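Accompanying notes for the structure given below.
The values are calculated or read from the model by the stated rules, or taken from the named source; none is laboratory data. As the structure is a prediction and not an experimental result, all values here were calculated from the model. With ideal geometry, Cβ positions are generated from the backbone for all residues, glycine too; neighbour counts draw on all protein chains shown. Ligands, DNA and RNA are excluded from the accessible area calculation, which covers all protein heavy atoms including side chains. Shrake-Rupley method; radii C 1.70, N 1.55, O 1.52, S 1.80 Å.
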Amino acid sequence: MASSLALPSTISLKKLPLNASTPFRSSSSFLGFRNGSRSSTGVTISRSRVFMSASVGSQTLIDDSLFLDYKPTCAFLFPGQGAQAVGMGKESQSVPVAADLFKRANDILGFDLLDVCTNGPKEKLDSTVISQPAIYVTSLAAVELLRARDGGQQIIDSVDVTCGLSLGEYTALAFAGAFSFEDGLRLVKLRGEAMQAAADGAKSAMVSIIGLDSEKVQQLCDAANQEVDEADKVQIANFLCPGNYAVSGGLKGVEVVESKAKSFKARMTVRLAVAGAFHTSFMEPAVSRLEAALAATEIRTPRIPVISNVDAQPHADPDTIKKILARQVTSPVLWETTVKTLLNKGLKKSYELGPGKVIAGIFKRVDKSADIENVSA
């Protein structure tokens, strides 16, 4: 999905753009560049990356294939909705920079985020409009907790790829410098609101199918779809890992899936505590709102590869990233493909940053020997 470089008036080689200001603070240390040469802007660069850009008039086009040959060694992984739990964020208060993220979030969100995270009630924290910003902020606070511990900055410096599960893709993009902490939070806030509004517009649900491979789950969806109207159709929405796939769709369709699962030899089904059928066409009403918000947001080329949920590939072109993020809410999450690709490309060490240990569990299901550590906040 590379940006077209047709008929450029000038072509130049440039260094990979780095923000002078970071998502977390004015110091360039967030970017993870400590050892190496210093650029003319004063930002220390540890690994130089050259890419082709083309200027057409005043517009600069970025080659979207910049990161396609990435070779991961150390990854930061960020959780998605469902990882939230009452008490999250409390640990972060021991590190001033992490605690400050919650204070800055309050001004954008208009309520005391830390209070909801630490005290609940659970029903309030679980709501889409609150859980998404809560996980985003807590996950980035976890980065600061890691930075504050002995050797933490060296770990951050070594990260050469990042990704996140659904909502976590926004967290990964913030960590990679594609947008500021504040701009990312505004997008996440709107995303939660738009997805909640879309869910309120139709009766829909999500259910995890445990113990089947993806082919069997697809057969289960096909069988259910034969018994319901078009408005209640279901599909696989999250390809998480072998034996764990989430199905989204109309409420009646999901109920049929649950009733038929045993006959397909599923070990169990688990109805997910989400507002509706995420990552399906049920979320289509949210797309236009996201497109408008993304169009108004400055997005830069990430400093390291950020793997997309939509196609399990990294993207460099900001316009492509905007289109991918808008499509993400209606597209299946290709997390299993992402994990397998990272491991097959030679990934050595991973860190799950934020609440819960869902991602660590998925990695272990794909490869029991995977080296992954959880850093909560």
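Quick notes on this one:
- Summing Lys and Arg as +1 and Asp and Glu as -1 over all other residues whose Cβ lies under 13 Å from the Cβ of residue 128 gives a net charge of -1.
- Solvent-accessible ranking of 322, 262, 368, largest area first, probe 1.4 Å: 368, 262, 322
- Options 86, 192, 155, ranked by Cα towards positive dipole end of region 58-209, top entry (Cβ charges): 86
- Sites listed here are GluC sites (Glu not before Pro) in region 240-348 whose DSSP assignment is loop and whose Cβ has at most 16 other Cβ atoms within 10 Å: 298.
- A crude spin-label estimate for the pair residue 122 and residue 296, with each label 7 Å from Cα along the Cβ direction, gives 3.7 nm.
- Straight Cα distances below 16 angstrom link residue 90 to the lysines 103, 122, with same-chain residues fewer than 8 positions distant left out.
- Total formal charge among the other residues, if their Cβ is under 9 angstrom from that of residue 182, Lys/Arg +1 and Asp/Glu -1: 0
- Solvent-accessible surface (1.4 angstrom probe) belonging to residue 264, in square angstrom, nearest 10: 40
- Spin-label model distance (nm) - residue 319 vs residue 262, 7 Å beyond Cα toward Cβ: 5.5
- Members of 124/322; 216/262; 71/340; 189/233 lying beyond 18 Å, as alpha-carbon distances in this model show: 124/322; 189/233
- Overall form of region 267-335: oblate. Here a/c, set by the Cα gyration tensor axes a ≥ b ≥ c, is 1.5 or more, and a/b is not larger than b/c.
- Solvent-accessible area, 1.4 Å probe, carbon plus sulfur percent, for region 169-271: 47
- Order by protection proxy (mean Cβ within 10 Å, highest first), peptides 102-110, 165-173: 165-173, 102-110
- Ordering 297, 341 by accessible surface, largest first, gives 341, 297; the 1.4 Å probe counts only protein heavy atoms, with every chain in place.
- Separation between Cα centres of region 272-320 and region 178-201, rounded to whole Å: 10
- Remark: accessible surface ordering of 365, 267 (largest first) is 267, 365, probe radius 1.4 Å.
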